[in-house]
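What follows is one structure encoded as structure tokens, with my remarks underneath.
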Amino acid sequence: MPDNDKKSETQANDLRDADPVPEINDGTGHPVSRRSFVGVAAMAGASLMSSSALAQSRQQAESGRQGDNASDPGPENTTLLNLNPNSNKPPFTDTGNPAPMWYSFDITPKRLEAGGWTHQVTDQALPSSKDLAGVNMRLTAGSFRELHWHLADEWAIMLAGKARVSLMQPNGKMFIDDVETNDLWYFPAGFPHSIQGLEGDGCEFLLVFDQGNFSEDDTFLISEFLAHVPPEIVQKNMGWTRQEWDQLPATQLYIFEAELPGPLEDDKRFLGSNLETTNQYTFKMSKMPPTTTNTGGMVRVVDSGNFSVSANVAAAQVILKPGGLRELHWHPNVSEWQYWIKGKGRMTIVNAEGKARTMDFNADDVGFVPSMAGHYIENTGDEDLIFLEMFKAPRYLAVSLNEWIARMPDKMAQAHLKLPVSVIRRAPQQKNNCLPR
Ligand code: MN
Ligand code: MN
């Protein structure tokens, strides 16, 4: 054995002790000792292996993707793997094992009721998402999400169809409005509100709550309030007799069918001077021009700057052209919770300690980016990719890596990137949000 192999063997022994796998089949039917296998690999990247037994050289990481190395002769869920080529065979730049960054509404249990359904992605499914949780709900024409309130603020986007929403402020003024696809609403915690599907096919929408552990099963309902107050108290409070109290719902209605409402103007006329007109709890994003547009796509930012009631949730709707790239960036304030509306793409997150993971996303999926972690999103499909970036913050903030490099004086940039200045300056010299194919 050559001398330099002995050095590698020492490292190989360390590795073997840390992770005892006795034999690896080399494909020829002859078992290869892990010692000699790791010895060769260690030699290839010996200089990079001293700090951590798990560290791999770039060569090792790349060779793991060649030949038979990535084959998987045992059982596989090919349906999932085909949806996730970048998780099945991650890019060689992925290292470590950051917390889960993907979930899908389409593998959550649906609560199906006469009148619609609901399902949710909370910190049960994505334990690192402490800031935000999401609920996806459908209401058929006329059906209500029962009058209720909750501990969290509610941000929402209409995904399909139309709804009438109402909210009463503590000062007794009622806000009421109709929303359609791509319109938003924002209901502060504790303010009672309603959602009703309108004519046609009702609606489907996404709710985002500023509590990662929010559960749509855990809300305050008008039915339950009245059902659990002694009838003689209800008689004192409302003047309703015991017989009338008996007709109230004994259990929650939650989602239920009802008659379609009349015109919005009639409801506003009914409210008269009690109609809230100062605070606007809906936002017509369908009519908003993009905040930034370039050849790769467009971004609409909606936060407390243009939607003033949205005090605790900021949002960006991103539309990326096929092959387009949501540029390398991070958010300097909070974690990011994504909802994927249309198309497909992949995202890599790069956390501290070089922990990096890439996954594929499709419509109805949820993505999660830990606070401050660098990331990009690439449209890997052949149609526009549309997704939402959601933040538990009053304002949307993002740092562009290209913009930062552009602001670095030549010597500073060169010292860090080890590239000639002419190459460094070939990169875009400003924030672009969306870069073309
Ligand atoms: Mn609600
Ligand atoms: Mn982002």
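The values are calculated or read from the model by the stated rules, or taken from the named source; none is laboratory data. In this text the structure is predicted, and so the values were computed from the model without any measurement. In this analysis, Cβ positions are derived from the backbone assuming ideal geometry, glycine residues included, and neighbour counts consider all displayed protein chains.
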Output for the range 377-433, where each listed residue is assigned to a loop (DSSP other than H, G, I, E, B), within 16 Å of ligand 2 (Cβ to nearest atom) and farther than 22 Å from W340 by Cα
K431
Given (1) in a helix (DSSP H, G or I); (2) under 22 Å from K173 (Cβ atoms), where does Q243 come up short, assuming only one miss?
(2)
What do you reckon, is T295 over 25 Å from D131 (Cα atoms), modelled with pLDDT under 95 and out of contact with any helix residue (DSSP H, G or I) (no Cβ under 7 Å at 6 or more places or on another chain)?
yes
Regarding the range 302-314, can at least one residue be identified that is at pLDDT 95 or above, more than 16 Å from the chain's Cα centre (by Cα), of a type in the set (F, W, Y) and surrounded by fewer than 21 Cβ atoms within 10 Å (Cβ to Cβ)?
no
Considering only strands (runs of 3 or more DSSP E) fully contained in the range 106-204, which possess at least 2 residues that are more than 29 Å from L226 (Cα to Cα)?
154-161
In the range 214-240, which residue that is within 16 Å of ligand 1 (Cβ to nearest atom) and not in a helix (DSSP H, G or I) is surrounded by the most Cβ atoms within 10 Å (Cβ to Cβ)?
F214
So which of I377, I405 is under 25 Å from G134 (Cα atoms), assigned by TED's automatic domain parsing to the domain that holds A315 and of a type in the set (A, V, I, L, M)?
I377
Just to check your reading of the model, which residue among V208, V234 is within 16 Å of ligand 2 (Cβ to nearest atom) and touching an Asp or Glu at 6+ places or on another chain (Cβ under 9 Å)?
V208
Could you check, for the range 137-149, whether at least one of its residues is more than 15 Å from ligand 1 (Cβ to nearest atom), modelled with pLDDT of 95 or more, on the phi > 0 side of the Ramachandran plot and assigned by TED's automatic domain parsing to the domain that holds L226?
yes
Can you confirm whether the range 315-336 contains a residue that is of a type in the set (F, W, Y) and part of a loop (DSSP other than H, G, I, E, B)?
no
Can you name the residue in the range 278-289 that is outside any strand (DSSP E or B) and surrounded by 16 or more Cβ atoms within 10 Å (Cβ to Cβ) and, of all such residues, is farthest from ligand 2 (Cβ to nearest atom)?
Y281
Could you check, for the range 261-274, whether at least one of its residues is within 16 Å of ligand 1 (Cβ to nearest atom), more than 19 Å from the chain's Cα centre (by Cα), of a type in the set (A, V, I, L, M, F, W, C) and not in a loop (DSSP other than H, G, I, E, B)?
no
Condition check for S36: in a loop (DSSP other than H, G, I, E, B) and either modelled with pLDDT of 90 or more or more than 30 Å from E204 (Cβ to Cβ) (or both):
no
Residue count, the range 150-170, condition more than 10 Å from ligand 1 (Cβ to nearest atom) and among the aliphatic types (A, V, I, L, M), comes to 7
Please go through the range 333-367 and pick out each residue that is within 11 Å of ligand 2 (Cβ to nearest atom) and not β-branched (V, I, T).
S335, E336, W337, Q338, M347, G367
Kindly provide the set of residues from the range 350-374 that are under 13 Å from the mean Cα position of the chain (by Cα) and assigned to a strand (DSSP E or B), ordered by number.
M359, D360, F361, N362, D365, V366, G367, F368, V369
